[in-house]
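One structure is given here, and the rest of the page talks about it.
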Amino acid sequence: MPNRQNVVYIQTENAAVVEKPVSLKNRIEVGPPAPRPPNLRVYPGTIQQASIKKTLLKDCDEIFKHKKSYWWAAGSPKRCQFEEFAASVLERYAAGYITENSGVEWWVQVRGNSTEEGLGFHWDRDEELAVEQRKIKCPYVGTVTYITGIGAPTVVADVAPLSSGSQKVTNLYVSHPELGKQIAFKGDLLHGCPPELMKPSKVPYKRYTILANVWLDGCPLKIKRAPDSLTNTLTHRDRLFSESYPGQVQTITSGSSSKITGFAFGREKYEEHEAWIPIPPKKSSFKAGTFVMRCPDQCKIIRRSP
């Protein structure tokens, strides 16, 4: 149970104040259609510092070597701490709307100045469906949980996938890595960890994160359950996930004079895009934590390819 003296209650966009930790009971329910999730939520202390040990980082390195994401189906056995974690993510963000088709796609990222630097802008989606049928299906909720407190921030724009044209960016959400913090965002929003925002450092470091996307109506094509040959090599201990209260999100306004920077992105040649967004301020008060930037009119996402 978190220390109430350290709790900051907030009202995130489109979400009511939550004044108690969520229940983590494992259950499967058939309920009404799930409501539209908030654009962003933040939960400091989702993983307690005492749980973040060298064995966890070693496990992340092992999973990352496979360059794959894995599926955990609601109600199925939890064979390792990562599947236990996936089950807790599903319960936190979809309790009351979980069916036998629901589950979590999970994987890890290891980025840094001595490994692959950053991760460009993208939308999480069913990749095989997008490539084979040119159909876009996104998860209900996407989450990022930081295992280390170093590296470039996660940036989320309030823009869903575009079929053509452009869309104005109204809000830009910026989350700096903090040990144990989890952010959750509406699953169809553009996001990334741009390498241009990596902090210069002569000392090698790694940015570890656990990614877990909630899917309510079925597993993405060709995403499989983690093989026993992998889960048997992972550390088995009490669950990583910890009940926690929502954290503070600061709000700042990016004026019309703010420097707007362009980022090119697109996983396929037929879906080339540009993101024109303000660079997060470098003031010391915004080098940590989580905040939302209100963007000027010239900020937009443009689809260049037909």
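Structure values in brief
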item	result
Near-label residues of the range 94-135 by backbone N, under 11 Å of a point 7 Å along Cα→Cβ of E268	127-135
Label point distance in nm, K168-R134, each placed 7 Å from Cα along Cα→Cβ	3.0
Solvent-accessible area per residue for the range 208-274 (1.4 angstrom probe, square angstrom)	53
Long pairs among K67/K287; K137/K181; K137/K186, criterion Cα-Cα beyond 18 Å	K67/K287; K137/K181
Summed side-chain charge close to R304 - residues other than R304 whose Cβ falls under 15 Å, Lys, Arg +1, Asp, Glu -1	0
DSSP-loop trypsin sites (Lys or Arg not before Pro) across the range 47-88, with at most 16 other Cβ within 10 angstrom	K53, K67, K68
A226 long-range amide H proximity, modeled H, under 5 Å	W71
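The values are calculated or read from the model by the stated rules, or taken from the named source; none is laboratory data. Note that the structure is predicted; figures quoted are calculated from it, not measured. Glycine gets a Cβ as well: all are built from the backbone with ideal geometry, and neighbour counts include every protein chain shown. Ligands, DNA and RNA are stripped out before the accessible areas are found, and what is left, the full protein with its side chains, is counted by its heavy atoms. Shrake-Rupley method; radii C 1.70, N 1.55, O 1.52, S 1.80 Å.
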